[in-house]
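The values are calculated or read from the model by the stated rules, or taken from the named source; none is laboratory data. Just so we're clear, the structure is a prediction, and the values are computed from it rather than from any experiment. Here Cβ is always computed from backbone atoms with ideal geometry, including for glycine, and neighbour counts include all displayed protein chains.
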Amino acid sequence: MRDTLLRLEHTIAQRADAAPDSSYVASLFARGRGKIAQKVGEEATEAIIAALSGDRADVTAEAADLIFHLMILLRDVGVSLDDVLAELDRREGVSGLVEKAART
């Protein structure tokens, strides 16, 4: 799985500065962070709706769309997959309640 995400991160990086008409990814970057964030929100909503419907195939497809668009947003704000994985590693073994309380 990590290899798949790293390949996707690389592809997104390659397309980030390309001509907007050359790829969907390039067109999102050209439209700016607001549009990218909007797409993440839309995909999250679609994933929630799919989960509530109980259709595994729809959940899988919508989760893939959500991860894809989130990775575009991460690239736009300068956060790498390694940054996210390091944060997950940091939280491993820590109660979610304790971790959340530490953020406030």
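General remarks:
- Enumeration of residues in segment 1-53 that are touching a helix residue (DSSP H, G or I) at 6+ places or on another chain (Cβ under 6 Å), without any contact (Cβ under 8 Å) to a residue 60 or more places away in the chain, under 18 Å from residue 81 (Cβ atoms) and of a type in the set (D, E, K, R): 15, 43
- In this structure, residue 88 qualifies as hydrophobic (A, V, I, L, M, F, W, C), assigned to a helix (DSSP H, G or I) and out of contact with any helix residue (DSSP H, G or I) (no Cβ under 9 Å at 6 or more places or on another chain).
- Unique residue being surrounded by fewer than 17 Cβ atoms within 10 Å (Cβ to Cβ), hydrophobic (A, V, I, L, M, F, W, C), at pLDDT below 95 and in a loop (DSSP other than H, G, I, E, B) when the list is 94, 98: 94
- Close pairs from segment 71-91: first under 16 Å from residue 4 (Cβ atoms), partner among the hydroxyl-bearing types (Ser, Thr, Tyr), Cβ under 8 Å, at least 6 apart: 74/80
- Taken over segment 51-70, the residue count meeting the criterion of being within 13 Å of the chain's Cα centre (by Cα) and either among the small types (Gly, Ala, Ser) or more than 15 Å from residue 5 (Cα to Cα) (or both) is 3.
- The test for being surrounded by 16 or more Cβ atoms within 10 Å (Cβ to Cβ), within 11 Å of the chain's Cα centre (by Cα) and of a type outside the set (Val, Ile, Thr) holds for residue 81.
- In segment 66-75 there is at least one residue matching the filter, namely being closer than 30 Å to residue 27 by Cα and among the basic types (Lys, Arg).
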